[in-house]
1. Can you name every residue in the range 166-217 that is part of a helix (DSSP H, G or I) and touching a helix residue (DSSP H, G or I) at 6+ places or on another chain (Cβ under 6 Å)?
2. If you go through the range 11-28, how many residues are within 16 Å of the ligand (Cβ to nearest atom) and at pLDDT 70 or above?
3. Could you identify the single residue in R79, R108 that is in the same structural domain as T192 (by TED's automatic domain parsing), among the basic types (K, R) and either closer than 19 Å to F201 by Cα or within 9 Å of the ligand (Cβ to nearest atom) (or both)?
4. From the residues in the range 41-71 that are more than 16 Å from the ligand (Cβ to nearest atom) and among the acidic types (D, E), which one is most open to solvent (accessible area, probe 1.4 Å)?
5. Within the range 111-139, how many residues are open to solvent by 10 Å² or more (accessible area, probe 1.4 Å) and within 21 Å of G202 (Cα to Cα)?
6. Identify the residue in the range 157-179 that is open to solvent by 10 Å² or more (accessible area, probe 1.4 Å) and of a type in the set (F, W, Y) and, among all such residues, is nearest to A208 (Cα to Cα).
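The values are calculated or read from the model by the stated rules, or taken from the named source; none is laboratory data. Source: prediction; values computed, not measured. Cβ coordinates were reconstructed from backbone atoms using ideal geometry, including for glycine residues, and neighbour counts include every protein chain displayed. Side chains included, ligands, DNA and RNA excluded: accessible areas come from the protein's heavy atoms. Shrake-Rupley method; radii C 1.70, N 1.55, O 1.52, S 1.80 Å.
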Amino acid sequence: MVSGSLTRNIGEMLVSAEHGRTTQIDADKVSRGAYFTTDAAWLNEPVEGFLRAALAAKGGRVLDPFAGDGHLLALVESRLGATTAGLDIAGGRWPTNDSLLSLPAEARDAVIVTNPPYLANHSASRKGVASLAAEYFAASAQDNLYKIALDRCLEASDFVVAVIPETFLLSGYPADRLVLASVIESPLFADTDAPALVACFGPVGQPAAQNILLGSEPIATLPELQRIRSVNAERPGRDAIHFNVPTGRIGLRAVDAADAETPIRFYLAADFDYPASKVRHSSRLMTYLEVPNLEPAKLGRLVSAANDILGDIRAASGDLVLAPFKGNDKTGRRRRRLDYALARKILELALASVSKL
Ligand SMILES: C[S@@+](CC[C@H](N)C(=O)[O-])C[C@H]1O[C@@H](n2cnc3c(N)ncnc32)[C@H](O)[C@@H]1O
């Protein structure tokens with residue numbers, strides 16, 4: 001199947017822009033984000049504690065405005081004795097409502113528990129479903145349907161519990177009402193392995209601790225995570241580090257391997273088992289890089305200082321400042337990717353310590 005991007009039909013997803021290759025996807029399912037939360041791991045102890053307090057404030061009522069097959073509602077009914085109601089744009093099981101546009105006034109009297117559709121504006125085009133989501137993006141400054149859904153839910157109710165993408169943590173979405181967010185590493189959905197967390201929001205004007213947890217384990221607050229990611233380096237100048245240079249003297253494996261034994265790591269080029277000929281301008285996972293102003297004698301120390309800093313960051317943030325990458329490793333831990341912006345900051349910090357020697 002070959003097709004130019006302008007002539008693609010609905011649901012013809014672009015697989016390779018270079019070769020004009022596409023594949024047909026289920027446009028309705030993708031544009032409506034109809035992936036159901038079939039596993040109960042999202043309702044862990046901290047989330048349950050939050051929900052119980054919220055339910056007490058709202059007479060035990062729960063609304064899911066994106067209810068799908070009702071998995072979330074069935075769980076809060078059976079586990080917490082909640083009185084539940086659902087809405088959906090499709091499926092015929094619930095009253096029909098376009099909840100990306102507005103929620104009914106009754107939402108004010110309920111706790112919202114939901115897993116809304118996820119669809120990034122840029123991937124809507126690639127997936128060939130842009131026309132199905134266009135009206136929502138046209139009416140909002142947000143770049144993903146889940147953020148538009150959060151806007152609607154937070155406007156409508158004092159308490160919102162939402163299963164949303166883990167990338168929410170680094171998205172800059174306003175967190176002034178965020179009481180806690182728990183990253184769930186185990187699979188939550190029957191037919192996608194999208195990395196997710198469950199975010200719990202409280203009323204406007206009340207203290208919101210912004211605690212971030214890995215499952216039930218507290219890791220840091222959101223501002224602490226943001227501070228860890230900002231890595232305060234004494235910067236020797238932006239041009240001092242060049243990424244994706246096949247002849248570079250430093251190797252970078254920027255992604256955890258699925259075997260759980262080969263983590264993200266900086267290497268001396270001679271020790272990095274990756275063909276330099278494969279490095280492209282667009283490489284994001286394995287690469288070589290160059291620090292032109294560094295004397296050869298200091299290279300080894302730079303690599304080990306960078307790995308130490310990376311290790312400290314991973315430990316302090318429970319990995320949550322690194323992007324999730326393609327599901328879990330064989331031990332069930334989420335694989336991570338080090339983006340080059342953070343890799344650069346780590347190297348700058350390592351350079352600052354090595355230059356002092
Ligand atoms: C990710 S599924 C979640 C379903 C359910 N909450 C769960 O967790 O199993 C999203 C649901 O939102 C519905 N949906 C998508 N766009 C919608 C809209 N604009 N208004 C209301 N529901 C919508 C889809 O039909 C789908 O059932």
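1. none
2. Count: 3.
3. None of the other options fit; the residue is R108.
4. The extreme case among them is E45.
5. Within the range 111-139, residues that are open to solvent by 10 Å² or more (accessible area, probe 1.4 Å) and within 21 Å of G202 (Cα to Cα) number 1.
6. My answer is F159.
Let's see how each residue does on (1) of a type in the set (G, A, S); (2) within 21 Å of the chain's Cα centre (by Cα); (3) on the phi > 0 side of the Ramachandran plot; (4) part of a helix (DSSP H, G or I):
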| residue | (1), (2), (3), (4) |
| --- | --- |
| G300 | yes, no, no, yes |
| V303 | no, no, no, yes |
| A315 | yes, yes, no, yes |
| G327 | yes, yes, yes, no |
| A343 | yes, yes, no, yes |
| L347 | no, no, no, yes |
| S353 | yes, no, no, yes |
